[in-house]
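*Asks:* Mind having a look at this structure? Questions to follow.
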Amino acid sequence: MKIKNKKNSLKISSTSRSKVFVAIALLSTLLSACINLSSTQTLTELKVLSLLIPKQTSDFIETGTKDSQQGLISSQEKLVDVLTNLKDQSTSQEMMGKLIENGTGLEKNIAALVGEQNQLNALYDFKLHVFETIPGIQAEYNLMTEMMARSNSPSTQIIIAKNQVFIAERILRSLQGNEIGLIEVDGLAMDLETFNVYLNGQMNGSKELGVQRIEDPELRMGLESIKSDMDSIMNSEGLKSLKDTATYNKINQLAKDNMGKSEEIFTTLVQLEAQK
């Protein structure tokens, strides 16, 4: 009887072990599924950020507003969480290492960019002011051109007035910015200088440029109005910010680097998906 009980005991013990093994295997499968799901979710979040951050960077560069700054900061915080999850899950894989490297670079770039909020907002105000002011200057010059033609003014004066309208148009185009919303500083500075040189020539005369001083009182009133508008542009805080080339070049580089790293992250993620 004792032997029989011993056999039953062994049978029960063996059955229990089998159940334990099954439970462990099931738990292992569930954990693996959870890890894979977590990894997939993390990569999806990173993919969304790689598309969102370039747009937010452009918006911030374009306006420098608190709202656009906060959008970048929010993405930066999410990026830090995603990078932490990536490091915990797959630090040995080459592609994961590349994602982490570019993601860390993005996080640092954003930190540097958000510190330039005041500078970028001053540039935005400058652009708004110029976009509002230049059309009025062009209209004034067009009116002067018509008056010159009616009063048989020298053709050189008429040509210079017309050319000022074209230079003003180039100023507006420079402010429209490049592919990431940054002002074309060199072209803008050159056009502003050229415009003001000829404006001063019209007001005071310039032998060097071959520009005659405009004497007609009505035409001079137009020039005085234009000069007042241009002075408001030249003395603005935004233009002073643009002249701080070291800071502006730094912002330019950070923004471009954000675009490049985001694109590399997206490309790497597409390659990872193709391997599954």
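Derivation of every value follows stated rules applied to the coordinates shown; laboratory data play no part. On a predicted model such as this, the values are computed, not experimentally measured, just so you know. Cβ atoms come from the backbone with ideal geometry, glycine included; neighbour counts cover every protein chain shown.
*Asks:* Please work out the FRET efficiency for the pair Ser151 and Lys108, using the Cβ-Cβ distance as r and a Förster radius of 51 Å; give the result to the nearest 0.05. Provide the component values of the computation, followed by the final result.
*Replies:* On the way: r = 63 Å, r/R0 = 1.23.
The pair Ser151/Lys108 has a calculated efficiency of 0.25.
*Asks:* Moving on to the next point. Sticking with the crude label model, points 7 Å out along Cα→Cβ, report the distance from Gln41 to Lys243 in nm, one decimal please.
*Replies:* 5.5 nm
*Asks:* Once all Cα-Cα distances of segment 51-181 are split into 10 Å bins that start at 0, what whole-number percent is in each one?
*Replies:* Using 10 Å bins, I get a P(r) of 11, 27, 20, 15, 12, 8, 5, 2, 0 for segment 51-181.
*Asks:* Go ahead and run the numbers for FRET between Asn163 and Asp186, Cβ-Cβ distance against an R0 of 22 Å, rounding to 0.05. Each step should come with its number before you reach the end.
*Replies:* Working: r = 20 Å, r/R0 = 0.91.
Here the calculated transfer efficiency is 0.65.
*Asks:* Here's something else I'd like to know. List the GluC sites (Glu not before Pro) in segment 145-244 that DSSP assigns to loop (not H, G, I, E or B) and whose Cβ has at most 10 other Cβ atoms within 10 Å. Which are they? Intermediate values should be presented prior to the final figure.
*Replies:* Numbers: sites: Glu146, Glu169, Glu179, Glu184, Glu193, Glu208, Glu215, Glu218, Glu224, Glu237; in loops: Glu179, Glu184, Glu208, Glu215.
Passing both the DSSP loop test and the Cβ count: Glu179, Glu208, Glu215.
*Asks:* Return the tail of the calculated pair distribution for segment 186-276, meaning the percent of Cα-Cα pairs more than 20 Å apart. Please report the intermediate quantities before stating the final value.
*Replies:* Working: 2486 of 4095 pairs.
Cα-Cα pairs in segment 186-276 separated by more than 20 Å: 61 percent.
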